[in-house]
Every structure is written in structure tokens, then in C-alpha cells.
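Written below as C-alpha cells is the structure these notes are about.
Quick note: the coordinates plus some simple rules give every number you see, no bench work behind them. Predicted model only: the values in this text are computed from it and were never measured. Neighbour counts run over all protein chains shown; Cβ positions are idealised from the backbone, glycine included.
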């Protein structure tokens, strides 16, 4: 079995993409932080259909973690990741070093203002600044025509869409549905942190979303009532501990008081060491 | 005489550049805010030598002006600009509208942190954030291989160089020497604001730089003594009023106390309604 083609050097990656573009190839990119799971692989499989060259990046981005967060312990298994990507027959793995991405003296950051502020942005200082910055850098290096993102990280998708539009990036942002394990838990590298009893408790994110949806189907329109049901469902499942449960408009992510049309319900809860997020668009489809 | 080829639409500009790139053409860009003078035209003439397609943009960028500043009165004369660019036989004028560049809901900005803070950055809140953002957008739209900037705006050049390097832009930033009028005043669209007596007083920027250089040639190394000579020279020329006179390292623009190697002396003075800047690299060449 041949090895997975692999580039770590930034200039070499740019030259590879320039060459592919000059040949008229359509480049599709799947940016990841590694420790791949079925969620990533679904992006890879969908990405295969979107173009000719499929590039997966693995880069655990220090700029999107606050000093108090889990950058140091974020799970890594490059050997396994490479094996999975070979099985998917991706064309190229791009895995730069942190020293090359953020050399000494690095000082340029991108802010996507309004859409970065609520939800996770209100709880993770600098997180979306780090996300927007690294995605912009990766787009400049890999020069994709399209890039694949998962809707589990719903706010991230909206930040990147807004950045791409505002900065005239000419990259198609393709958002794919959340992939869930058989117990309903949204796939996330951080699920790895969960002990068996915590994993059982973590199912409350999914059940809380289900209860909210049932309320809306039953005619409830007051955001506060729906939120109360979510809070109650999470509180019934210790050690799960709610960080936020917010209803907002699905594009600008600004809070709403009433469910009048498609409305995003976004949740975050801590279970043990794992900070877990999930979401559902109530009363409509994901945009 | 044929008309100057001219694009205002962003998508159309991107398509033009994509086409030129697929033909293997090297695109050179001269970003301007219009009201062109010999400084701009020197960038155009130098740019002609740097590639195959020469694109000049004219866009007075509201994002780089604070609300208290002169965006409303910044001089404009598109008809004259077009005539000058035709005489220089540029290949294309790109002049987008502010509504297309910053549509309703626009919210993405680029910060180049350390290098934006001193000098003009300390006196013009948000200025370099606006500059970095619009230049990044223009680079994404025009997709140049090289872009021309004048060293009169020395800090701007360093901000754009740093941004290009940090964000992996793959655009060559070409810096060109300051062009001066016969009376020594650095060319600037804002010189248009000067009444004759103010113009006479404005020559003190150039004479102050000359006095500083003479001191350094004579063996003076203490930044504070050099600065004092500059302050005195400006104070002898009312209505000129110093905003800052700083000695700093020519790359990171951090203040220095001693002139040990190439050192930037950057000046800003108000003369009437005109905020004028000038600079010189003492004890060495511009980097």
C-alpha cells in the first residue's frame, strides 16, 4: 500500500496548489485538528464529490485555545489519522508545524465581530479570532475552491461564511450535517475525555434538543419557555453542567424571544473534563 | 484615444484576474485612494517594470478614517485621475463602490498588532486596522503577484509587509522611495489643503529631517538629543505644529534610545487642515 502524500512545508503546499489550479483542477479542502472521527470522515467523503483534488489539513491550532483551555491535552494520534485518510484515498495531507504557522513575531489576527460574540464566543475569549485567523491562513496556503465544515460547530460555520463573504475570499463554504454516534452523542474529538458514566450523562444534550423540538412542534413559541425545558433536562443528568442554552436567529446568531421562523437552539455543557456542544435548527431547516 | 479599461464590479474584477493568471500573466497592482500625484505615478511607472498586467485601484477607504477625520473632504478628481492613468497606459482601473466593499452587515477586520501601535497608530485610532482590512480585500479581489506602495507612508508599508508574511499572502510587497516636490515637500494628496503660507511652513518637516541626519553624521547617537533638534526646528515654523517625532527600529517600529544602526525617524505635523507625515532612515538605507 502506497504512503499518503504529505506536505508540511507552507511554500511547498502553495506550489502544489498553484500547479493543480493551473491544470484546471478544483481543489477541495477539509480543515481539521486531527484525532479524526466519523464526523471528519463524512466531510472527506462529501468533499470527494465537490472537486478533483481533496486536501485534508491536520493542525491543532494554538491560537484558538485560551491559556486555561485544553490545548496541551487535546487528543492526538497522527498514525491513526494517516491510516484513516489513506483508506479514504485523499490526495494530500497538509500538516504544518506550529512554528511555521506562528513564527516568532507573529502578530496578525482576523476578527469577525458580531457573529463571534454570542454563544461560545461569550465563553471562550479569543476563540473565534483564532479560528478565523487560522482558516484564513489555511485558505491562503491551500488555495481551495471549496472547504468543508461540520454543522456541529454551527457558530464556527457562520463565522467562516461571514469572513469569506466580507473578505471576498471566493471559496465555497460547504456545511455538512452533524454525525452522531449510535447513542446520539454528536461526534467530537473531545468525547474521548468521557468516562462511561459521563458518556451516559452526555446524552442529555441530544435529549434536551429533542424536548425543545417537541415543544415547538406542540405550538410553543416563547424562547424562555423552551430554554427552561432545556435547562431542566440538563439539570436532571449530573455530572452534566450547562454552560449556555440560547435561541437565536440562525444567520447572525442574535438572541430571539420568540420562535417565529427557523431558530437555532445552541447548547453547551461540561461533562467531566469535556466541554460539549450541540445544536438544532427548530421550526425550519439549517440554512 | 481609447477609453481607459475600467471595472467597478468585484466579481468581474476577480474573473478578469483569474483569466490573466490562467494565461500565465504576472499581475501588478497599485492601490490608491485617488487624487493622483507624482508619487502615485512613480509607483505606476515602477510597477510597469514588475509584471505584465498593471492594475490601479482607486478607492477612498472609509474604514481607515476615524469619524473625526477628513474622509468627507478628502480630495477627489476621478476625471483627472483617469486622464493621468491613460497617459501612463495602465491596463485596468478598478474603482469599486463603498457599498460593494462594505455592504450592510459587514463585520470582518484585520489587526496587525505591534507594528500598528506606535507613530500614526498611536494618534489615529483604527487607522491601520482599516488599511490592513482594505488591502487584504483588494488583494483577494485583484489577486496581484506584486503590489506597489510608497515609503512616504513608511508605517503602512511595514503593516502590509507584516500582514502579508503572517497571513501567507504570497504577494510581493514592493516599496518605492518618497517623491518630493521641487520645494522638498513629500507628495501627498493632503498637500492640496495647504494655503501658500502654510506650504512654506510645511517645508520644516524636510528641514527637520535634514538637521537630524546632520547630527547623526556628526556623531550624535542619543535619540533624545536628535528628537529635541527636530522639535525645535518644527517649533520655529508656525503654523506647523508637531504631532510626533519618534526614532525607532525600521522593521518593528519599536522606540530606540540610541542610534546604533539604521534607525527610522518618523515625523507628523499639522499645518492648517493638513496632517502631514514624512520620515527618513538615519545611519543606513531603507530596508
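A few comments on the model shown:
- Footprinting exposure proxy for B:237, B:192 (fewest neighbouring C-beta atoms within 10 Å first): B:192, B:237
- Computed across the protein assembly as shown, the Kirkwood radius stands at 26.5 Å (inverse of mean 1/r, all Cα pairs).
- Residue-span extension gain [residue B:80 to residue B:236] - 0.36 nm each, minus C-alpha spacing: 52.5 nm
- Scanning chain B for the Cβ atom closest to the axis that brings B onto A yields residue and whole-Å distance B:110, 3.
- In this simple spin-label approximation, residue B:221 and residue B:52 carry label points 7 Å from Cα along the Cα→Cβ vector, and these lie 5.2 nm apart.
- 0 to 90° range, to nearest 10: angle between helix B:223-235 axis and chain B longest Cα axis: 80 degrees
- Sorted shortest first, the separations between the residue A:79 label point and its copies elsewhere in the assembly read 7.6 nm; each point sits 7 Å from Cα along the Cα-to-Cβ line.
- Exposure proxy ranking for A:230, A:171, based on other Cβ atoms within 10 angstrom of each Cβ and starting from the fewest, stands as A:171, A:230.
- Over chain A, Cα pairs under 8 Å with separation of 6+ residues give a relative contact order of 17 percent.
- Solution diffusion estimate, µm²/s, Stokes-Einstein, chain B, Kirkwood Rh from C-alpha pairs, 10 °C, viscosity 1.306 mPa s: 80 µm²/s
- Length-normalised contact order for the stretch A:189-280 - Cα pairs under 8 Å, 6+ apart - percent: 32 percent
- For the stretch A:6-176, the relative contact order works out to 30 percent when only alpha carbon pairs closer than 8 Å and six or more residues apart are counted.
- Using a simple spin-label model with pseudo-atoms 7 Å out from Cα toward Cβ, residue B:249 and residue B:26 lie 3.2 nm apart.
- Shortest-first distances to equivalent copies, position residue B:241, nm, label 7 Å out along Cβ: 5.7
- With a 10 Å cut-off around each Cβ of A:154-164, the average count of Cβ atoms from other chains is 1.
- Relative to the longest principal axis of the Cα atoms of chain A, the long axis of helix A:38-50 lies at roughly 60 degrees.
- Shape of the stretch B:112-163, Cα gyration tensor, a/c cut at 1.5: prolate
- Peptide-level mean, for A:165-176, of C-beta atoms on other protein chains within 10 Å: 4
- Inter-chain Cβ neighbour average for residues A:20-28, partner chain, 10 Å: 1
- Relative packing of A:64-72, B:91-99, which averages over residues the other C-beta atoms within 10 Å, highest first: B:91-99, A:64-72
- For the protein assembly as shown, DSSP calls about 55 percent of its internal beta bridges antiparallel.
- In the assembly of identical copies, residue B:184 has its label point, taken 7 Å from Cα in the direction of the beta carbon, separated from the corresponding points by 8.0 nm (ascending, one decimal).
- The fewest-to-most ranking of A:189, A:73, B:182 by surrounding Cβ atoms within 10 Å reads B:182, A:73, A:189.
- Helix B:154-166 and the longest principal axis of the C-alpha atoms of chain B enclose an angle of approximately 50°.
- The translational diffusion coefficient of the stretch A:129-211, from Stokes-Einstein at 20 °C and 1.002 mPa s with a Kirkwood hydrodynamic radius over alpha carbon pairs, comes to 146 µm²/s.
- Rounded to 0.05, the FRET efficiency of the residue A:165 and residue A:192 pair, given R0 = 41 Å and the Cβ-Cβ distance, is 0.75.
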